[in-house]
Amino acid sequence: MTTPFTASVFIGTSLDGFIARPDGDLAWLTSRGEAAGEDLGYQEFIAGVDAVVMGRGTYEAGLRFDSWPYEGMRVAVLSTRLEPGADPRVTVYRDLDRLIEGLAESGVKRVYADGGQVIRSFLRAGLIHDLTITTVPVLLGTGLPLFGPLDGDVSLTHRFTQVFGAGVVQSTYTVDS
């Protein structure tokens with residue numbers, strides 16, 4: 001699929017590949033991220049994106065933070081259940097085709113794809129350009145997985161890996177065309 005924008009992933013996982021506990025809790029991630037003692041490149045990453053795309057679950061998790069983490073940014077939520085217009089900070093899209101169309105019409109060039117379901121949808125549609133995955137040294141045993149069924153192999157090229165404090169490891173990959 002050819003689009004006028006590139007989509008990137010910047011996400012944290014447990015060593016066993018979960019992005020959240022079954023109830024969406026992220027305390028295991030945020031506490032270890034703080035223990036790493038660095039921002040892990042997130043501020044630089046987010047400064048380079050034009051829009052954030054997430055699913056309803058990721059959107060609802062963002063509402064639990066002390067302040068809205070995407071203030072002043074264009075935020076699109078891909079959801080069949082969230083009511084359009086319920087939150088003026090976000091635009092709700094019912095399906096991927098309308099989302100792509102809306103982002104293209106608004107001139108978006110670089111998208112931050114966040115949340116397991118959105119990332120998997122973008123991977124299946126061939127929309128992801130690169131992935132930065134920060135792995136924290138904890139095994140959750142169960143939770144919301146980062147990856148799941150895809151339509152086929154997604155070949156990646158390793159770009160680099162960094163090791164931060166508290167045993168946090170971050171690897172960046174480019175999706176092969």
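The values are calculated or read from the model by the stated rules, or taken from the named source; none is laboratory data. In this text the structure is predicted, and so the values were computed from the model without any measurement. In this analysis, Cβ positions are derived from the backbone assuming ideal geometry, glycine residues included, and neighbour counts consider all displayed protein chains. SASA here: full protein model, heavy atoms, side chains in, ligands and nucleic acids out. Shrake-Rupley method; radii C 1.70, N 1.55, O 1.52, S 1.80 Å.
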Note to self: The conditions are (1) farther than 21 Å from R120 by Cβ; (2) open to solvent by less than 20 Å² (accessible area, probe 1.4 Å), and V77 fails exactly one of them. Which is it?
What the structure shows: (1)
Next item on the list: Tell me, yes or no, whether the range 39-53 has at least one residue that is more than 15 Å from the chain's Cα centre (by Cα), open to solvent by 50 Å² or more (accessible area, probe 1.4 Å) and at positive phi.
Entry: no
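Restricting the search to the range 92-101, which residues are open to solvent by 10 Å² or more (accessible area, probe 1.4 Å) and out of contact with any Pro (no Cβ under 6 Å at 6 or more places or on another chain)? Even if it seems obvious, please write down each step before you answer.
Residues of the range 92-101 open to solvent by 10 Å² or more (accessible area, probe 1.4 Å): 92-98, 100-101.
Y93, R94, D95, L96, D97, R98, I100, E101 - these are the residues of the range 92-101 that are open to solvent by 10 Å² or more (accessible area, probe 1.4 Å) and out of contact with any Pro (no Cβ under 6 Å at 6 or more places or on another chain).
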Next item on the list: Output the number of the condition that S67 fails; it satisfies all remaining conditions of (1) under 19 Å from D25 (Cα atoms); (2) more than 16 Å from the chain's Cα centre (by Cα); (3) open to solvent by 70 Å² or more (accessible area, probe 1.4 Å); (4) at pLDDT 95 or above.
Entry: (4)
Notebook entry, point to check: Would the range 115-136 turn up any residue that is touching a Lys or Arg at 6+ places or on another chain (Cβ under 9 Å), farther than 20 Å from R56 by Cβ and among the acidic types (D, E)?
Noted result: yes
Margin query: Is it the case, given these coordinates, that A104 is over 17 Å from the mean Cα position of the chain (by Cα), surrounded by fewer than 16 Cβ atoms within 10 Å (Cβ to Cβ) and touching a residue at least 12 places away in the same chain (Cβ under 8 Å)?
Written below: yes
Next item on the list: Identify all residues within the range 14-64 that are among the hydroxyl-bearing types (S, T, Y), out of contact with any helix residue (DSSP H, G or I) (no Cβ under 8 Å at 6 or more places or on another chain) and modelled with pLDDT of 90 or more; write none if there are none.
Entry: Y42, Y59
Next item on the list: Kindly list, by first and then second residue, each pair from a residue in the range 115-143 that is open to solvent by less than 40 Å² (accessible area, probe 1.4 Å) to a residue that is part of a helix (DSSP H, G or I) and of a type in the set (K, R), limited to pairs with Cβ atoms under 7 Å and residues at least 6 apart or on different chains.
Entry: V136/R32; V138/R32
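Kindly indicate whether S106 is within 15 Å of F5 (Cβ to Cβ) and among the polar types (S, T, N, Q). Even if it seems obvious, please write down each step before you answer.
Working: within 15 Å of F5 (Cβ to Cβ): yes; among the polar types (S, T, N, Q): yes.
In short, yes.
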